[in-house]
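One structure below.
The values are calculated or read from the model by the stated rules, or taken from the named source; none is laboratory data. Note that this is a predicted model, so its numbers are computed, not measured. Cβ placement follows ideal geometry from the backbone for every residue including glycine, while neighbour counts extend to all protein chains displayed.
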Amino acid sequence: MDESLNEDRGLPGEPELPPLVIDEKGRVRTLPPVPLGEPLRVPDRMEEEVQTLRERLAHGGERYLAKILRAGAVASGALFATSVALRVLPVTRHTAMAIDLAQQGAVSLLLFTPVARLVASGVVLGAKGEWRYALYAAGVIGLLGLALGAGFNA
Amino acid sequence: MLVPVLVLGFDVPISQAVPASLLCVVANSCASSASHVERKLANVRLALVLELATVSGAIAGGVVAALLAPAVVAVAFGVFSSLAAVQMMLSRSQQDEALEEEPLRNLPLGIGGSFVAGGISSILGVGGGPVKVPLMTAAMGVPFRVAAATSNMMVGVTAAASVAAYAWRGQLSLPLAAPLVVGVLAGATIGSRMVLQARTALLRRLFAAVLLAVAAQMLWRGGVSLWMRA
């Protein structure tokens, strides 16, 4: 758009005039007025990526939850099985340490998995626009933290 | 179910048997829920609503535990579980074989029941499944398999919080829990694949049998405690 065409158009305090442009045939024309309401915006790259991620989360929701649960169960099971297998070996300082590490890693993973599922449920349902359920998920996590902090067995 | 086997069959102290059993509950919930969620057998939204009520009930149960006699609660829970088991055995619902989601009935009753189930879990240290599955099927109109899968998914979160509390107090024996969890994970993975092939009537009867076993355990525990006091 040639900016010089639109200099000094209209007086202060008067309604703004539609902008002038030169079309491909060299004629001066006015642009069609922009409808009132939401301003026209071209989504930037980041916005598009966020939208794509949101759509992917919403469509593959259950699949993501299943993957989290399965990964947690398999990884924890493998570590527990390793610790059981290591017990067959003669007891040395190294094997005892390895058994201890495997067991602690396994139990941490196993306890983290349902909480991760809860967080993922909230994120997936939030991405679908179901904010009520995302709030419920946040509420459950908050209450569990409270229960744990207070020493209750929930 | 695992606690009496460990205590009576393997002379494991009950203080170690309970957290080990709870860890197995978490393992079972994670392994089987993966398949259930993938096949849309577990209702994620319903689980979130009822989980909120259950955890609130568990906290309330923890607060009022000192005011209630656990033996009386155990007997009441035993009686309820027996009645629920009989109802499960006798009922033949038309919606049993259906899996598609239908509009929920009596959601406030379901929320209230889950609150009570959370309280009972907290006072007696048992899972909320014996209360929640009959509640979802009989009162809320949820198909049996969906109710069982949803309850199984929910129990993982609350059991994980309980195990964390036991572990925090140093009461979780990992050498005892490790082989149990490996077995439970294998069983849960196989079982969750078989659940769609099994007839619902058979699953219902199996669940009723487990309910009766839990009821007998609770009635025994509560009855002996009341008898000793009298």
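Things worth noting here:
- Filtered residues of the range A:107-132 (kept if closer than 15 Å to B:VAL26 by Cα and within 7 Å of another protein chain (Cβ to nearest Cβ)): A:VAL107, A:LEU110, A:LEU111, A:THR113, A:PRO114, A:VAL115, A:LEU118
- Residue within the range A:84-93 that is in contact with a helix residue (DSSP H, G or I) (Cβ under 9 Å, 6 or more places away or on another chain), surrounded by 22 or more Cβ atoms within 10 Å (Cβ to Cβ) and facing chain B (nearest Cβ under 8 Å) present: no
- Any hit, the range A:60-68, residues being facing chain B (nearest Cβ under 9 Å), at pLDDT below 90 and buried (at least 16 other Cβ atoms within 10 Å of the Cβ): yes
- Of everything in the range A:79-89 that is of a type outside the set (Val, Ile, Thr) and without any contact (Cβ under 8 Å) to a residue 12 or more places away in the chain, the residue that is farthest from A:VAL119 (Cα to Cα) is A:LEU89.
- Selection count, the range B:165-204, where residues are out of contact with any Ser or Thr (no Cβ under 7 Å at 6 or more places or on another chain), surrounded by fewer than 17 Cβ atoms within 10 Å (Cβ to Cβ) and charged (D, E, K, R): 2
- Counting only helices (runs of 4 or more DSSP H) that fall entirely inside the range B:106-175 and contain at least 1 residues that are more than 9 Å from chain A (Cβ to nearest Cβ), of a type in the set (Lys, Arg) and more than 28 Å from B:LEU6 (Cβ to Cβ), the qualifying elements are B:144-168.
- Residue, modelled with the highest pLDDT, within the range B:78-136, restricted to residues that are over 18 Å from the mean Cα position of the chain (by Cα) and among the small types (Gly, Ala, Ser): B:SER91
- Any chance B:VAL12 is β-branched (Val, Ile, Thr), closer than 23 Å to A:TYR136 by Cα and touching a residue at least 24 places away in the same chain (Cβ under 8 Å): no
- Being over 25 Å from B:ALA34 (Cβ atoms) and either at pLDDT below 85 or more than 10 Å from every other protein chain (Cβ to nearest Cβ) (or both) is a condition met by at least one residue of the range B:186-207.
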